[in-house]
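As structure tokens, the structure follows; a few thoughts come after it.
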Amino acid sequence: MKITLHSPLDMHLHLRDGDMLKSIARYSSRYFAGAIIMPNLVPPVTTIEQVIEYDKRIEEAIDGDSFERYMTLFFKNSYGYDFLKEAEKYIKAIKLYPSGITTNSEGGVSSFEIDDLKETLEAMSELGLPLLVHGETNGFVMDREREFGSFYEKIASAFPKLKIVMEHITDRHSIKLLNEYENLYATITLHHLYITLDDVAGGLLKPHLFCKPIAKRYEDREALLDVALKAYPKVSFGSDSAPHPISSKESLGCAAGVFSSFVALPALCELFEKHNSLDNLQKFISDNAREIYDIVPIKKEVTLVKKEFEVPKELNGVVPMFYGEKLDWSYDESIGS
Ligand code: DOR
Ligand code: ZN
């Protein structure tokens, strides 16, 4: 059995910088037609020059693969219309992090008052630039995303023309919001479709599954699976693949992030097949995103075949999701990659 995916897209990807970028970029660029590139570098990507330079470094790292980079800026309150008018030539969206909520987010937002955010949000709304949000409060870790819901409601109502993407949703309450506000959308990761908190901390602690937002309850995973498997038009795939060196994961103070880009397509095939939904995978992995973000991706066909795939224990110093396990689907080597 085979499936060919047309221009698979990853709408939330951390490619990092420096040696890590060089080590991991091709695990995305070989198999995806494009990706939204997260700006949480050190320092964060906040200027047009930084966007252009970072894009060049990615281009070098992907070594000729045809792979479109949808670049982003790190949200700041003070981006005015004129700056964003120029920036929109180089970026696809802007990513908002609450200050300190996850890796390299210290320069994020600390006030969620509309008055404090409106300079940038009004300009984005006028220019049609989507706002991508890491939606967590600093409350109790299992409640953070649900608590953030009132902020989503506030900005969705205050800026009805602004497209707001709730990134990497993990909580069933976020799905309810999708139905209530026309301008709310969401990305869903691979890991949140597979795991619950039990997989992370129910037995021996699994640092390579530790991420933000933390995986939640079974009923949350069910709700995410439901919208993903039916390829609900307001959701698209965003891996949130977030590599960290082994020394930062297997350490006192484990960094948050699951490295999933290399295994994402085989694992999604397995999941969608198991739930008799393979026919919907094309929409979840590409077609929905084309509509939501108004993009026409480069043409790239990626074929997967139902053949056992043993996931390596390590890829260039990073441990991938499903390390050492076997998946039912693999990339079709016969067509090359
Ligand atoms: O687990 C995560 N890792 N969640 C994020 O939001 C950021 C990411 C990272 O950059 O490592
Ligand atoms: Zn992320």
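The values are calculated or read from the model by the stated rules, or taken from the named source; none is laboratory data. Just so it is clear, the structure is predicted and the values come from calculations on it, not from any experiment. Heads up, the Cβs are rebuilt from the backbone with ideal geometry, glycines too, and the neighbour counts pull from every protein chain shown.
For this structure, a couple of remarks:
- Output for region 97-113, where each listed residue is surrounded by 13 or more Cβ atoms within 10 Å (Cβ to Cβ), within 12 Å of ligand 1 (Cβ to nearest atom) and not aliphatic (A, V, I, L, M): 97, 98, 102, 103, 104, 105, 108
- Residues that are within 26 Å of residue 301 (Cβ to Cβ), within 13 Å of ligand 2 (Cβ to nearest atom) and assigned to a loop (DSSP other than H, G, I, E, B), drawn from region 1-37: 14, 15
- A Cβ distance below 6 Å, combined with a sequence gap of six or more or placement on separate chains, defines the contacts here; from region 8-26, residues that are at pLDDT 95 or above reach residues that are part of a strand (DSSP E or B) and more than 15 Å from ligand 2 (Cβ to nearest atom) in the pairs 8/302; 9/34.
- Residue match in region 108-121 (condition: within 16 Å of ligand 2 (Cβ to nearest atom) and either touching a residue at least 40 places away in the same chain (Cβ under 8 Å) or closer than 19 Å to residue 294 by Cα (or both)): no
- For region 125-150, the set of residues classified as more than 18 Å from residue 221 (Cα to Cα), out of contact with any Leu (no Cβ under 8 Å at 6 or more places or on another chain) and surrounded by fewer than 16 Cβ atoms within 10 Å (Cβ to Cβ) consists of 126, 128, 138, 139, 140, 150, listed by residue number.
- For region 162-189, the tally of residues that are within 16 Å of ligand 1 (Cβ to nearest atom) and assigned to a strand (DSSP E or B) stands at 5.
- For residue 192, the criteria (1) in a helix (DSSP H, G or I); (2) away from ligand 1 (no atom under 16 Å from the Cβ); (3) buried (at least 24 other Cβ atoms within 10 Å of the Cβ) hold in every case but one, which is (2).
- The helices (runs of 4 or more DSSP H) located wholly in region 218-326 include none with 3 or more residues which are surrounded by fewer than 19 Cβ atoms within 10 Å (Cβ to Cβ) and either within 16 Å of ligand 2 (Cβ to nearest atom) or modelled with pLDDT under 95 (or both).
- Qualifying residue in region 122-142 (condition: under 18 Å from the mean Cα position of the chain (by Cα) and on the phi > 0 side of the Ramachandran plot): no
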